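Q: Once you've had a glance at the structure underneath, I'll fire off some questions.
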Amino acid sequence: MIHIGIPVHNERETIGPLLWRIRELLYGERRQFHVLVCDDASEDGTDEALERYPRVLPLTVLRNEERRGYAASLDRLIRATLRRSDYPRRDAFVSMQGDFSDPPERLPEMLRRFEGGADLVTVARGDAEPFARRLTRAGGRLCARPLLSAPAVTDPYASLRLYRLFALERAVAAGDGPLLPYGGWAANAALLLQVWPFVRRFEEIPHDPHPLRRYRDARFRAGEQLRQLFAAGRDRALREIGRQIAEAA
């Protein structure tokens with residue numbers, strides 16, 4: 001079973017088309033899948049847009065009554081998936097954004113790599129990025145170096161990833177607090193760091209954005225990303241995991 005977790009906030013315009021595209025891709029591949037959406041207190045009618053989709057694909061909608069942020073929503077989706085699954089060694093969790101910035105067309109290839117034995121599948125970073133993002137990446141390398149201890153991964157900040165549930169289960173069990181205490185890019189980097197010790201096989205596939213697709217207006221805030229990365233880089237538990245990974249490399 002493939003579980004797809006999508007945190008959303010004010011995604012009324014994109015979440016419906018995204019779910020329909022996932023349905024087309026995975027039904028066409030004859031895949032067993034279940035989509036979980038965490039609506040993070042949206043105010044634009046996202047909840048109404050989601051209402052009709054349980055009739056056309058396997059879908060569970062979770063809702064935060066108050067805004068909790070991307071990291072808390074992703075954490076909730078991971079834990080809900082772990083409760084649903086009886087076969088963590090055979091099932092997978094895919095994390096992705098709800099605005100088409102993560103191309104769903106990569107899903108079939110990610111699933112093929114998973115079925116071939118990969119415990120973690122990531123998507124390589126594209127070549128062309130706005131200047132603000134490139135600058136933020138450079139700053140992130142300086143202030144969050146312990147989060148970059150998995151050098152085989154091209155983009156430690158990416159949200160589109162596939163994890164074998166067993167690895168996520170072990171990462172959750174290893175901690176005694178929130179799995180993702182930091183937001184934005186720092187949440188994705190911290191999750192990668194915590195899962196990495198339990199990954200036996202890793203694979204990465206090329207980034208392939210859709211040339212004609214229009215995305216929502218960007219919500220990227222360089223200052224907030226750097227603040228979260230700086231805080232995560234000073235986290236003692238994450239620094240210790242990074243040290244262990246570096247020593248084992």
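Q: Could you tell me whether L165 is touching a Pro at 6+ places or on another chain (Cβ under 9 Å) and modelled with pLDDT of 95 or more?
A: Numbers: touching a Pro at 6+ places or on another chain (Cβ under 9 Å): yes; modelled with pLDDT of 95 or more: yes.
Taking the combined requirement at face value, the residue satisfies it.
Q: Restricting to region 116-130, name every residue that is open to solvent by less than 40 Å² (accessible area, probe 1.4 Å) and touching an Asp or Glu at 6+ places or on another chain (Cβ under 8 Å). Walk me through how you get there before you give the answer.
A: Step one: list which residues in region 116-130 are open to solvent by less than 40 Å² (accessible area, probe 1.4 Å), which gives 117-124, 126, 129.
Within region 116-130, A118, L120, V121, T122, V123, A124 qualify.
Q: Next up: So which residues in region 165-180 are out of contact with any strand residue (DSSP E or B) (no Cβ under 8 Å at 6 or more places or on another chain) and open to solvent by less than 20 Å² (accessible area, probe 1.4 Å)?
A: Step one: of region 165-180, the residues out of contact with any strand residue (DSSP E or B) (no Cβ under 8 Å at 6 or more places or on another chain) are 166, 169-180.
The answer is A171, L179, L180.
Q: Same structure, new question: Go through region 1-37 and report how many residues are within 22 Å of N188 (Cα to Cα) and free of Cβ contacts under 8 Å to residues at least 40 places away in the same chain.
A: 2
Q: Select from region 63-87 the residues that are open to solvent by less than 30 Å² (accessible area, probe 1.4 Å) and in contact with a helix residue (DSSP H, G or I) (Cβ under 8 Å, 6 or more places away or on another chain) and list them in ascending order.
A: N64, A71, L74, I78, T81, S85
Q: What residue, among those in region 131-140 that are surrounded by fewer than 22 Cβ atoms within 10 Å (Cβ to Cβ) and in contact (Cβ under 8 Å) with a residue 12 or more places away in the chain, is nearest to V8 (Cα to Cα)? Give the steps one after another, and end with the answer.
A: The initial filter retains those residues of region 131-140 that are surrounded by fewer than 22 Cβ atoms within 10 Å (Cβ to Cβ), namely 131-135, 137-139.
Add one more test, that the residue is in contact (Cβ under 8 Å) with a residue 12 or more places away in the chain, and what stays is 132-133, 135, 137, 139.
Details: A132: 23, R133: 21, L135: 26, R137: 24, G139: 27 Å.
Once the filter is applied, the top-ranked residue is R133.
Q: Residue check: is F93 modelled with pLDDT under 95 and either in contact with an Asp or Glu (Cβ under 9 Å, 6 or more places away or on another chain) or open to solvent by less than 40 Å² (accessible area, probe 1.4 Å) (or both)?
A: Spelling it out, it is not the case that F93 is modelled with pLDDT under 95 and either in contact with an Asp or Glu (Cβ under 9 Å, 6 or more places away or on another chain) or open to solvent by less than 40 Å² (accessible area, probe 1.4 Å) (or both).
Q: For residues in region 27-38 being open to solvent by 60 Å² or more (accessible area, probe 1.4 Å), assigned to a loop (DSSP other than H, G, I, E, B) and more than 20 Å from A80 (Cα to Cα), which is modelled with the lowest pLDDT?
A: Checking each candidate, the answer is E29.
Q: For region 99-122, name all the residues that are within 14 Å of the chain's Cα centre (by Cα) and farther than 13 Å from Y163 by Cβ.
A: Across region 99-122, the qualifying residues are D99, F100, S101, D102, P103, P104, R106, L107.
Q: Give all pairs with beta carbons closer than 8 Å in which a residue from region 166-190 that is part of a helix (DSSP H, G or I) meets a residue that is among the aromatic types (F, W, Y) and surrounded by fewer than 20 Cβ atoms within 10 Å (Cβ to Cβ); count only pairs at least 6 apart in sequence or on separate chains.
A: As it stands, the answer is F166/F198; A167/F198; R170/F198; A171/F198, since those pairs meet every condition given.
Q: Kindly indicate whether any position in region 146-164 is open to solvent by 10 Å² or more (accessible area, probe 1.4 Å) and in a helix (DSSP H, G or I).
A: Yes - at least one qualifying residue is present in region 146-164.
Q: Something else now. Please indicate, with yes or no, whether at least one residue in region 49-56 is within 18 Å of L160 (Cα to Cα), in contact with a Lys or Arg (Cβ under 9 Å, 6 or more places away or on another chain) and either charged (D, E, K, R) or open to solvent by less than 70 Å² (accessible area, probe 1.4 Å) (or both). First the steps, then the outcome.
A: Initially, region 49-56 is screened for residues within 18 Å of L160 (Cα to Cα), giving none.
Looking through region 49-56, none of the residues is within 18 Å of L160 (Cα to Cα), in contact with a Lys or Arg (Cβ under 9 Å, 6 or more places away or on another chain) and either charged (D, E, K, R) or open to solvent by less than 70 Å² (accessible area, probe 1.4 Å) (or both).
The values are calculated or read from the model by the stated rules, or taken from the named source; none is laboratory data. The model shown is predicted, which means the values in this text are computed figures rather than measured ones. With ideal geometry, Cβ positions are generated from the backbone for all residues, glycine too; neighbour counts draw on all protein chains shown. Ligands, DNA and RNA are stripped out before the accessible areas are found, and what is left, the full protein with its side chains, is counted by its heavy atoms. Shrake-Rupley method; radii C 1.70, N 1.55, O 1.52, S 1.80 Å.
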